[in-house]
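A short worksheet on the structure shown next.
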């Protein structure tokens with residue numbers, strides 16, 4: 001298997017990255033048997049140790065629009081049916097038993113070791129910490145000193161047998177299978193529920209505590225935004241003398257007095273000292289450096305629903321990024337990963353089998369990009385609701401079904417490569433004297449409809465000239481709304497061209513799905529509905545951004561992501577453009593001296609500032 005993975009490294013991305021990742025894991029497991037099991041269980045069940053402080057948790061959010069309330073309790077019972085023993089001592093026993101058995105093999109007596117582990121008492125914690133230290137030291141030593149590692153593990157095994165208080169007592173059946181991760185189930189009723197759960201997880205607040213204490217007003221603090229580029233020439237003359245002095249006190253005193261500090265530097269170092277300063281910076285001993293705060297918490301957010309659910313998730317991500325731009329709370333503590341299991345509440349017709357395409361278009365795109373995702377995740381859409389219905393009809397004393405929990409565990413553990421779905425923002429202007437505007441985001445599609453416009457529905461007889469029905473239902477009598485469209489036409493060379501047009505239409509559809517599987521044009525598909533559906537020619541094009549407004553005294557209705565909860569009426573105009581990451585757009589634009597030349601634009605123009613929705617799949621796609 002290892003040599004097979006080495007041959008897969010020659011494939012293009014993302015397959016070479018996947019093969020390289022698994023090859024490294026296999027090499028690590030061969031070097032220190034049981035280390036992957038120990039790291040996985042320690043992270044998923046918060047087994048505290050000094051060497052590996054990572055912690056992971058799975059948050060499952062179901063959309064109440066897709067799942068009926070009568071099935072939520074049955075679904076929650078299937079998702080949270082983890083091992084009955086949630087005590088950390090049981091998981092530590094499993095780690096000790098699995099690691100010693102994997103390292104010693106036939107030299108280890110499983111029944112005797114399991115019996116001794118159950119009677120260790122308070123010394124179990126010390127043995128667990130010692131085992132983590134042995135495994136970590138083994139990974140640092142490399143493939144050498146194999147005999148020394150086995151000798152140390154054999155001594156560790158003998159210490160456990162001798163430290164048992166009453167080894168003669170019978171022990172329960174030894175279990176070394178990988179336990180399910182810690183999963184919390186939530187019905188996504190409030191828009192800020194994901195933010196509250198992540199904040200509780202970041203601040204280590206118990207789940208039973210009310211999350212209202214983590215309101216945004218309580219989290220607001222004075223945020224200092226640095227407007228200088230860090231170059232001496234951008235600083236005022238009064239501050240130039242301060243940087244020539246040695247900083248007083250250690251880094252602890254400086255960090256307590258100010259939020260950040262500059263390292264000691266010289267005003268104009270001579271050419272001979274520049275190389276010395278660079279070498280000190282590389283080694284890390286030149287001046288004081290800020291303490292690196294690693295993100296040891298990983299929140300795996302898994303949503304169940306359809307395109308409407310992903311639209312809500314995109315809105316939540318945009319809100320979180322906007323809050324983080326003002327005050328960092330989650331970004332510096334939690335690593336967020338997003339997962340999606342498509343589920344639909346639509347009844348399937350007897351003629352058409354499978355999942356309806358109208359509410360699961362984004363799931364179909366993810367399946368076309370990743371065939372393994374399409375085979376293992378996409379086909380669960382109708383099965384999950386059927387399992388919940390079967391569970392609701394059974395008695396409460398029946399055994400829980402672990403099928404859904406096993407799928408969630410497999411999906412969140414294996415799929416680590418995201419597919420970035422583009423998010424677009426829309427500025428909606430309403431008609432009236434107030435001229436109020438609303439800014440929203442969407443990830444699937446935007447539909448524009450004129451309720452007052454009467455559509456022409458023609459049959460075959462209506463298209464025959466000279467017939468009575470043709471004269472009676474003349475398409476010329478049905479007039480659509482006259483709209484003006486200003487848009488930037490998309491092109492492969494990224495040389496957008498400003499275009500404008502006016503036409504009569506009864507509606508419009510803006511689809512965000514990329515038109516090409518390999519490389520997207522980072523644009524939306526705009527298609528206008530013709531008043532006469534018998535015509536073959538329709539106005540459709542791809543654009544980077546668009547501004548659409550009505551030229552008459554009419555209004556239209558806008559619906560985002562096929563969600564009735566995101567329907568806006570009495571709209572006069574809309575502006576559609578790629579959604580910018582609030583982390584980039586929050587800070588004021590300052591003139592930087594890092595530019596390509598005299599009078600040229602800064603290098604920041606080449607940074608991708610658009611916001612995308614990363615959905616983890618098995619192989620992902622190169623962004």
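The values are calculated or read from the model by the stated rules, or taken from the named source; none is laboratory data. Quick caveat, the model's predicted, so the values are computed rather than measured. Using ideal geometry, Cβ is built from the backbone for each residue, glycine included, and neighbour counts are taken over all protein chains shown.
Could you grab me the full set of residues in the range 139-158 that are modelled with pLDDT of 90 or more and surrounded by 14 or more Cβ atoms within 10 Å (Cβ to Cβ)? Selection gives 152, 153, 154, 156, 157. Can you find a residue in the range 545-559 that is at pLDDT 90 or above, within 22 Å of the chain's Cα centre (by Cα) and not assigned by TED's automatic domain parsing to the domain that holds residue 340? No, because not a single residue in the range 545-559 is at pLDDT 90 or above, within 22 Å of the chain's Cα centre (by Cα) and not assigned by TED's automatic domain parsing to the domain that holds residue 340.
Right, residue 478: within 21 Å of residue 550 (Cβ to Cβ), at pLDDT below 90, surrounded by 13 or more Cβ atoms within 10 Å (Cβ to Cβ) and more than 46 Å from the chain's Cα centre (by Cα) or not? Write out each step before concluding.
Numbers: within 21 Å of residue 550 (Cβ to Cβ): yes; at pLDDT below 90: yes; surrounded by 13 or more Cβ atoms within 10 Å (Cβ to Cβ): yes; more than 46 Å from the chain's Cα centre (by Cα): yes.
In short, yes.
A residue that is surrounded by 18 or more Cβ atoms within 10 Å (Cβ to Cβ), at pLDDT 80 or above, under 37 Å from the mean Cα position of the chain (by Cα) and not in a loop (DSSP other than H, G, I, E, B) can be found somewhere in the range 483-495.
Listed here are the residues, each with its yes/no results for (1) assigned by TED's automatic domain parsing to the domain that holds residue 187; (2) touching a helix residue (DSSP H, G or I) at 6+ places or on another chain (Cβ under 6 Å); (3) surrounded by fewer than 20 Cβ atoms within 10 Å (Cβ to Cβ).
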position	(1), (2), (3)
7	no, no, yes
10	no, no, yes
21	no, no, yes
26	no, yes, yes
31	no, no, yes
64	no, no, yes
69	no, no, yes
75	no, yes, no
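In summary, helices (runs of 4 or more DSSP H) completely within the range 336-403 and bearing 2 or more residues that are modelled with pLDDT of 85 or more and touching a helix residue (DSSP H, G or I) at 6+ places or on another chain (Cβ under 9 Å) occur at 361-369, 371-376.
Yes or no, residue by residue, for (1) within 27 Å of the chain's Cα centre (by Cα); (2) more than 21 Å from residue 337 (Cβ to Cβ); (3) at pLDDT 85 or above:
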site	(1), (2), (3)
1	no, yes, no
7	no, yes, no
45	yes, no, yes
56	yes, no, yes
84	no, yes, no
87	no, yes, no
103	no, yes, yes
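Answer yes if at least one residue in the range 435-450 is modelled with pLDDT under 75 and not in a strand (DSSP E or B), and no otherwise. Checked the range 435-450: no residue is modelled with pLDDT under 75 and not in a strand (DSSP E or B).
In the range 55-62 there is no residue that is touching a residue at least 12 places away in the same chain (Cβ under 8 Å) and surrounded by fewer than 18 Cβ atoms within 10 Å (Cβ to Cβ).
Evaluation of residue 46 against the conditions (1) closer than 30 Å to residue 564 by Cα; (2) in contact with a strand residue (DSSP E or B) (Cβ under 7 Å, 6 or more places away or on another chain); (3) outside any helix (DSSP H, G or I) shows that the sole unmet condition is (1).
With respect to the conditions (1) at pLDDT below 90; (2) under 26 Å from residue 89 (Cα atoms), residue 15 falls short on a single one, namely (2).
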